[in-house]
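Peer 1: Please read through the structure below; I'll follow up with questions.
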Amino acid sequence: MMLQNEDLLAYLKGKMAGFSRGQRAIARYIISNYDKASYMTAAELGKNAGVSESTVVRFAFELGYGGYPEFQQEMAAYVSRRLNHVRRLELATDEMDYDEVADFVMGNDMENIKSAWKNLDRNAMNKAVETILSGRKIYVIGIRGCAPLAGLLAFYLNLVVDNVVLVESNSSTEIFEQMYRVGSEDVVIGISFPRYSMRTIKAMEYANDRNARIIAITDSKHSPLNLYSSCNLFAPGNMSSVVDSFTAPVSLMNVLVVSLCMRKKETVLRNVETLEKVWSDYQVGDVDELDYLNRDNIKEFKTTEMEKK
């Protein structure tokens, strides 16, 4: 279950009359302290609300979530949209010790991947694969923090299909200069997570007006990217701190790339073999030049030098 992030507190207020006494205590605490509650474990939230940990877990299930971690992600998404980065960092550091940083960050990453896996829309993934394979040109766009995601996806798509365009820019004008030829036979993959990039949204709006086929890689069905996309792939990207977690989006993109490779196995193998030959012939890529300094090469080099003398 995923609510529109802005409506979380209103939703809890609307359900208040049907809650048990313990559930009302939890809801009231969250409404008054949602910024801090998003960082708390079920046990910590229960302690602050005056109820047991099991009551908190049951509360999450009562709301329709798969468990407390999923509900906590909903609270975190709400916080990430309501608070600026400085306040988010202050709250995160207030709620943990230095020695707990690894547990907090990696634990959050694991929960994000679990959530993405559990909620993966396989029909949407299959549609994305078919859309990419049938596209004349594939445009990939991600701005600011999502730029590395776009670059990674474009790099691997190049092993599968031709004519992949990584849209790179620091201004809206330059984005449209790279995309002005987009047409109905092309595919545009837009990647954005809260806080969403307006430049990415405008690029997708332009592609939609040009009747291109659009794939969105974003955090939820309430993302503004979905206004223009016909195929949506979701993965949580929140960490409720100054740093957003892109572990789940990367895993989701890996699924997409591997699925494409399975469909175009012969093409991928041929492309990789060609690349390996280039790397070998020109001593670039993953062939370290130091590998050529083996004993035989050194012996041959010494012999040649002796003959010159």
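The values are calculated or read from the model by the stated rules, or taken from the named source; none is laboratory data. Everything quoted here is computed from the prediction, not taken from an experiment. Cβ sites come from the backbone with ideal geometry, for glycine too, and all protein chains shown count toward neighbours.
Peer 1: Only residues that are modelled with pLDDT of 90 or more, in a helix (DSSP H, G or I) and more than 19 Å from ARG136 (Cβ to Cβ): list them for the range 202-226, please.
Peer 2: Hits for the range 202-226 are LYS202, GLU205, LEU225, ASN226.
Peer 1: Let me ask something additional. For VAL161, state whether it is in a loop (DSSP other than H, G, I, E, B), of a type in the set (A, V, I, L, M, F, W, C) and modelled with pLDDT under 95.
Peer 2: yes
Peer 1: In the range 175-228, how many residues are among the hydroxyl-bearing types (Ser, Thr, Tyr) and under 16 Å from the mean Cα position of the chain (by Cα)?
Peer 2: Here the count works out to 7.
Peer 1: Follow-up. Could we say that LEU256 is touching a residue at least 60 places away in the same chain (Cβ under 8 Å) and closer than 30 Å to ALA76 by Cα here?
Peer 2: yes
Peer 1: Right, here's the next one. Is it true that ASN226 is surrounded by 15 or more Cβ atoms within 10 Å (Cβ to Cβ) and free of Cβ contacts under 8 Å to residues at least 24 places away in the same chain?
Peer 2: Here the answer is yes, as ASN226 does meet what is asked.
Peer 1: Just one of (1) in contact (Cβ under 8 Å) with a residue 60 or more places away in the chain; (2) touching a Phe, Trp or Tyr at 6+ places or on another chain (Cβ under 7 Å); (3) not charged (D, E, K, R) trips up SER251, so point out which.
Peer 2: That leaves (2) as the condition not met.
Peer 1: Sticking with this structure for a sec: Can you tell me how many residues within the range 106-139 are over 12 Å from LEU256 (Cβ atoms), among the aliphatic types (A, V, I, L, M) and surrounded by fewer than 17 Cβ atoms within 10 Å (Cβ to Cβ)?
Peer 2: Counting residues in the range 106-139 that are over 12 Å from LEU256 (Cβ atoms), among the aliphatic types (A, V, I, L, M) and surrounded by fewer than 17 Cβ atoms within 10 Å (Cβ to Cβ) gives 2.
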